[in-house]
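Read through the structure below, which is laid out as C-alpha cells, and then see the notes.
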Amino acid sequence: MTDTSLNQRYVRQLRLPFWDDSAQECIESSHVMIIGCGALGCPSADLLARAGVGKITLVDRDLVEYSNLHRQTLFSNVDALEQLPKAIAAKNRLSDVNPDINIQSLVADFNAYDAEQLVKHNDFGIPDVLVDGTDNFETRYLLNDISVMHNIPYVYGGAIGSRGMAAVFIPGKTPCLRCLFDSPPPAGSQPTCETSGVFSPVSSIIGAYQASETLKLLMNANDRVMGSMLEFDLWEGQRRRFELEDFRNPDCECCQHRNFAFLDRDDEETISICGRDAIQINPHSKSQVDMESLLKSLNVHGDFQQSPFMLKGTLYEQPVGITVFRDGRAIFDGIDDPSVARSLYARYIGN
Ligand SMILES: [Zn+2]
C-alpha cells in the first residue's frame with residue numbers, strides 16, 4: 001500500500017461505530033467471487049473494491065456492448081467500442097479505483113462443468129462469499145449447489161424492469177434457494193432484461209445491497225445479515241420482505257439431502273445467449289487454443305483478428321460472426337440453431 005492510501009483511503013468507513021481496525025483487517029484478508037459482471041456485478045464489485053476487500057475474483061463470459069452502458073457502471077464507451085471482455089474491463093477500472101487490492105478476472109462461463117473448477121482452483125483459493133451477478137436462473141441454482149456443497153455464503157440478487165430482489169443464503173444457518181423455490185421457472189416463462197428492459201437505479205440498489213450484506217459477512221457480523229428476502233418495485237414504490245425462515249424445507253433436495261442436481265448436469269455444452277441471435281459452444285474438454293495457428297486457418301475462410309483475449313471475425317460464405325476464447329469457448333453470432341453452431345465449431349475450430 002502507499003502511505004497516502006494507508007492513511008486516508010478507509011478513514012471514513014473506520015469512523016463508523018461498527019467498523020474498527022479488526023473489521024477492516026477481516027475485509028482485507030478476504031476473497032469475494034463475483035459471478036457475472038453486469039448490472040449487479042458492476043456496482044457490488046465497485047463498492048467492495050473501494051471498501052478494501054483484499055481479493056476479488058470477477059467471472060464473466062461476455063464482451064462489453066453499447067446496450068450495457070446505461071446500467072453497467074464500470075464500463076466506458078471505449079470498452080464497448082473495443083468489445084473488451086467484461087471481466088477484463090471491470091478489472092481495469094477497479095485496479096484504477098483501488099490499486100491496493102488484488103483482482104483476478106476469469107473470462108469464463110460459469111456452468112455445471114466449469115463452476116467447481118473456477119471456485120476451487122483459482123489463484124486466490126476458495127472464496128469466502130459468492131456474489132450473484134448473473135442474469136439467469138440456471139446459474140443461480142448452480143451457485144446454490146456450490147454454496148451448500150462447499151459451505152460458502154451465497155448473496156443472491158436479481159433486477160428486471162423496475163423490480164429488484166435480494167437475499168443472503170448462509171449454509172447451515174438459513175434455508176437455501178431451493179428451500180424457497182425447488183426448481184427454476186420453465187425456460188421462456190420469465191421476463192428477461194431483453195424483453196422487459198431494466199430501470200437502471202434498480203440494479204444499482206440491488207448491487208449496493210449485495211455489497212452491504214457481503215461486507216457484514218466478511219466482518220463476521222452475521223447477526224446483522226438480513227434474514228429476509230427483499231423485494232421492491234422502484235417505479236410503483238412498493239416494498240416487501242419475506243422471512244427466509246418461513247420457507248425452510250426439511251425435505252429440501254439441496255441443503256437437506258445434499259443432492260446437487262444442477263452441478264451434476266451434463267447438458268450445458270451449447271447454450272443460447274440471452275437477447276442475442278447467438279449460440280455459445282463451451283467444449284467439455286478444456287485445452288488452451290493455439291490462437292496464432294487458429295487465426296491462420298480461420299483467415300482462409302473469413303476476415304479474423306486477434307486480440308490479447310480472443311479471436312474475432314466474420315465468415316466469407318455466410319454472415320456468421322465467430323469469437324473464440326483461449327479456453328476453446330466460442331460464440332457464433334447471427335444464428336439461432338445450436339446444431340448449426342455445433343457443426344460450425346467442428347468445421348472451423350475442431351475438437
Ligand atoms: Zn434448502
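The values are calculated or read from the model by the stated rules, or taken from the named source; none is laboratory data. Quick caveat, the model's predicted, so the values are computed rather than measured. For neighbour counting, all protein chains shown are included, and Cβ atoms are generated from backbone atoms with ideal geometry for every residue, glycine included. Calculation scope for accessible area: heavy atoms of the full protein, side chains included, ligands and nucleic acids excluded. Shrake-Rupley method; radii C 1.70, N 1.55, O 1.52, S 1.80 Å.
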Solvent-accessible area per residue for the chain (1.4 angstrom probe, square angstrom): 46
Count of lysine pairs, the chain, Cα-Cα under 26 Å, sep. 8 or more residues or interchain, comes to 20
Under 5 Å between amide hydrogens, which residues at least 5 positions from ILE103 or on another chain qualify, with H placed 1.01 Å from N in the peptide plane? ILE56
Relative contact order, percent, the chain [alpha-carbon distance under 8 Å, six or more residues apart]: 14
The set of residues whose placed amide H lies less than 5 Å from the amide H of VAL198, leaving out same-chain residues fewer than 5 positions away, is GLY161
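Loop-only check: which trypsin sites (Lys or Arg not before Pro) in the range 1-95 are DSSP coil with at most 11 other Cβ within 10 angstrom?
Numbers: sites: ARG9, ARG12, ARG15, ARG50, LYS55, ARG61, ARG71, LYS86, LYS91, ARG93; in loops: ARG15, ARG61, ARG71.
When the trypsin sites (Lys or Arg not before Pro) of the range 1-95 are filtered for loop state and at most 11 Cβ neighbours within 10 Å, ARG15 remain.
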What ³J(HN,Hα) values, in whole Hz, does the Karplus curve 6.51 cos²θ - 1.76 cosθ + 1.60 give for the range 62-72 when θ = phi - 60°, with x put for Gly and Pro? 9, 9, 5, 10, 4, 5, 7, 5, 5, 9, 9
How big is the accessible area of GLU253 in square angstrom, nearest 10, if you roll a 1.4 angstrom probe over the protein chains? 70
The chain pair-distance distribution - Cα-Cα, 10 Å bins, rounded %: 5, 24, 33, 25, 10, 3, 0
Based on the Cβ-Cβ distance from ARG224 to ALA261, what FRET efficiency comes out when R0 is 35 Å, to the nearest 0.05? 0.60
Ranked order, HIS301, HIS31, HIS257 - accessible area, probe 1.4 Å, largest first: HIS257, HIS301, HIS31
Roll a 1.4 angstrom probe over the protein heavy atoms and tell me the percent of accessible area of the chain that is carbon or sulfur. 48
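Among the helices of the chain (complete DSSP H runs), which have Cα atoms covering no less than 24 Å along the helix axis and a Kyte-Doolittle mean of at least 0.5?
200-218
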Net length gained if the chain between SER307 and HIS70 were fully extended (0.36 nm per residue, minus Cα distance): 82.8 nm
Treat each spin label as a single point 7 Å out from the Cα along the C-beta direction, and report the GLU116 to TRP235 distance in nm. 4.2
Return the distance in nm (one decimal) between the two label points of a simple spin-label model at ASN299 and GLU245, each offset 7 Å from Cα along Cα→Cβ. 6.6
